[in-house]
Amino acid sequence: MNIRNFAIIAHIDHGKSTLADRIMEMTATITKREASDQLLDSMAVEQAHGVTVKSRTVRNIYHADDGQEYEFNLIDTPGHVDFNYEVEKSLSAAEGAILLVDATQGVQAQTVANYRLARQAGIVVLPVVNKVDSASADVDRTENQIRTMFPELKNSPILPISAKTGLGVHDVLEAIVHRLPAPTANDQLPLKALVFDSEYDAFQGVIAYVRVFEGVLSAQTNLTLMANALSFNTKEIGILTPNRLAQTQLHAGDVGYVITGVKDPQLVRVGDTLTETQHPTNTALPGYAPAQSMVFAGIYPQDDYSALKDAINKLALNDPSLHVANAVSDALGPGFYCGFLGIFHLQIIKERLHDEYGVDVIVTAPNVTYRVTQNNGTGDLLTVTNPQHFPDFNKIEHVEEPRMRIELTTPAALLNDVMRLANQHKGEFVDMANQDDLVVLTYTIPLAEIAYSFFNELKSLTHGYASLSTRFDGYAPADVVRVDVQINYARVDALTFVTYRSDVADQTQELVHKLKYVVPRRLYPMPVQAIVEGKSIARVDIPPLRKNAAVNGESHSISKKQQLLRRQNSNKRAAAHSDIELPQEVFDAILTIES
């Protein structure tokens, strides 16, 4: 079978999308006129950040040196740590993967993490070193790192290329033919296809991206999604080149799309098995474990709630790792409480809402999940994802927080600085190992400490040369408290957050002083207080927005000043309790405190 299904996996900014561009050009999938940098990174947010956020599939036809024609189904995957779930989905639809390593950077954290995902998926890995024509490239060191850190590749030929210029890419295409396996498939069996991705179209409904493992998928056929027992007639099937191209059939081993016509995004689940209604397969494919959210935040509309609701539901279809629940805030009104894979994932969702749907939102401060054991005699365990639901201190026996096991890969010269950073974020040292001229530090660290800015601080401290990989390491006891923020004596629920008791005094003093300058002022002074366990531990007054009528030339009138203040305060404080305006700058103030 002359089919090769493969993904490109690498650390962020190692050249995956550029290599995908060269492969499409050299297989004549796109013309010179159609070519553009990072063609598969079609979303505005991907082009703005220069990273791949969502996996993309494209079929290429390659005329090999042996005179035969091969069908290459290429899947370009993300490289950022937050989007491992996209990589895992893509690898389940492939038999091989190109492991791309930047010769100027060497093996980095996501290189290792993505390689492990490929090994777990049981697929063949083809090592390739990119950017060999760069002045700062160290090809020998990079090849030595690959052979040292991945013993399974010790005897594998490593291909040197420059994806930017096309140098060596022909050798990669030949290696795909001869070193990556063809799919083992049978057209005679009942249809069994994996839904490995999907998107929503306002006119055509859910469009499912599928990999056919067994049987033949034909157009205008009645199909069933096995998880929900949902049946539908196919509106159209086809392949991606990279645009959709209709076909009459997809055979075993092929990768393509199915326009389902289903209008409810929740009914089509990524990881589901697609089969024929009349002749179904007996067993479903394993599918995927649900993505586990690591960071939670509230998303509220600045204007139109219904527009946000439509947009967030469509995003949740295109991004199955985004978890959404309805929420209502006293200060911000109706909105959604969402779970994200990480802080960068949150940023991407916010930008996509603005760029793709024209919806401007207010995002509350991110937080993590806590497990609270209550002292009500039953030992009930309460899982808290929203700090507003964190119990009062007199109802708590103890609290557990999520911890992560992290691996920090850094040049030896920066070892002390990186260890100091980990210690500042309450990291507990576990192990240290040497890999060539790199040092790998292992720590356990609270998720709350690395959820917001730890990765950015690490990159800044090491000038981009260090890398970070993380995995969940269970829950551990933590001494944390809930901080309630009151503005004008009214609790603002959307500003509630949870922090460590040892940090609360410094954080709250800094917070109230920041809020003094970002909360919109009124015609009278408004106190801002941070309340912990029923006590106000930090307070500042927001100055009034008023004309100083007490000054007349060089003379000062005490009576005029008192009269003005009485007039301003009259009947306004009580009415203002439920009328506090909260621009995004207010929540940004909490972010800068917690970072």
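The values are calculated or read from the model by the stated rules, or taken from the named source; none is laboratory data. Being a predicted model, the structure only gives us computed values, none of them experimental. Ideal geometry is used to build each Cβ from the backbone, glycine not excepted, and the neighbour counts take in all protein chains shown. In case anyone asks, the SASA skips ligands and DNA or RNA and just uses the protein heavy atoms, side chains included. Shrake-Rupley method; radii C 1.70, N 1.55, O 1.52, S 1.80 Å.
What the table below lists for this structure:
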{"quantity": "Highest average packing first - 408-420, 375-387, Cβ atoms within 10 Å", "calculated": "408-420, 375-387"}
{"quantity": "For volume of the Cα convex hull per residue in Å³, calculated from these coordinates, the label among [x] 172; [y] 156; [z] 204", "calculated": "[z]"}
{"quantity": "Heavy-atom SASA rank of 481, 430 (probe 1.4 Å, accessible area, largest first)", "calculated": "430, 481"}
{"quantity": "Amide hydrogen neighbours beyond the local backbone of residue 198, cut-off 5 Å, H modeled", "calculated": "209"}
{"quantity": "Mean-position separation - Cα centroids, region 173-216 and region 361-376, in angstrom", "calculated": "40"}
{"quantity": "Contour excess over end-to-end distance, with Cα ends at residue 230 and residue 179 and 0.36 nm allotted per residue", "calculated": "14.4 nm"}
{"quantity": "Nearest-10 value in Å² for the accessible area of residue 8, using the 1.4 Å probe", "calculated": "0"}
{"quantity": "Partner aspartates and glutamates for residue 235 [C-alpha distance under 20 Å; skip if fewer than 8 residues away on the same chain]", "calculated": "197, 199, 201, 254, 264, 272, 276"}
{"quantity": "Segment residue 310-residue 472, length gained on full extension (0.36 nm per residue, minus Cα span)", "calculated": "55.1 nm"}
{"quantity": "Mean accessible surface per residue for region 441-493, computed with a 1.4 Å probe while every protein chain stays in place, in Å²", "calculated": "38"}
{"quantity": "Cα-based reach from residue 535 at 22 Å (exclusive), listing lysines while leaving out same-chain residues under 8 positions away", "calculated": "395, 514, 516"}
{"quantity": "Probe 1.4 Å, all protein chains present, accessible-area order of 267, 341, largest first", "calculated": "267, 341"}
{"quantity": "Listed peptides 346-357, 301-312, 486-497 by packing density, highest first (mean Cβ within 10 Å)", "calculated": "486-497, 346-357, 301-312"}
{"quantity": "Region 105-131 residues near the modelled residue 68 label - backbone nitrogen below 17 Å, point 7 Å along Cα→Cβ", "calculated": "none"}
{"quantity": "Per-residue HN-Hα couplings for region 491-502 [Karplus 6.51, -1.76, 1.60; θ = phi - 60°; Hz; x = Gly/Pro]", "calculated": "5, 9, 4, 5, 9, 5, 8, 10, 8, 6, 4, 5"}
{"quantity": "Structure-based [θ]222 nm, the chain - -39500 (n - 2.57) summed over DSSP H runs of at least 4, per residue, nearest 500", "calculated": "-7500 deg cm²/dmol"}
{"quantity": "Pairs beyond 18 Å (Cα-Cα), from 89/154; 263/309; 89/131", "calculated": "89/154; 89/131"}
{"quantity": "Gained length - residue 116 relative to residue 170, 0.36 nm times residue gap less alpha-carbon distance", "calculated": "16.8 nm"}
{"quantity": "Proximal lysines relative to residue 426, as straight alpha-carbon distance under 21 Å, when same-chain residues fewer than 8 apart are discounted", "calculated": "459"}
{"quantity": "Portion, in percent, of the accessible area of the chain that falls on carbon or sulfur, probe 1.4 Å", "calculated": "47"}
{"quantity": "Charge dipole (the chain, unit charges on Cβ, about Cα centre) - positive-most of 19, 73, 320", "calculated": "320"}
{"quantity": "Relative contact order computed over the chain (Cα-Cα under 8 Å; 6+ residues apart), in percent", "calculated": "10"}
{"quantity": "Phi-based couplings in Hz for region 388-404 (Karplus 6.51, -1.76, 1.60; Gly and Pro marked x)", "calculated": "5, 9, 5, x, 5, 4, 7, 10, 10, 7, 7, 10, 10, 10, x, 10, 10"}
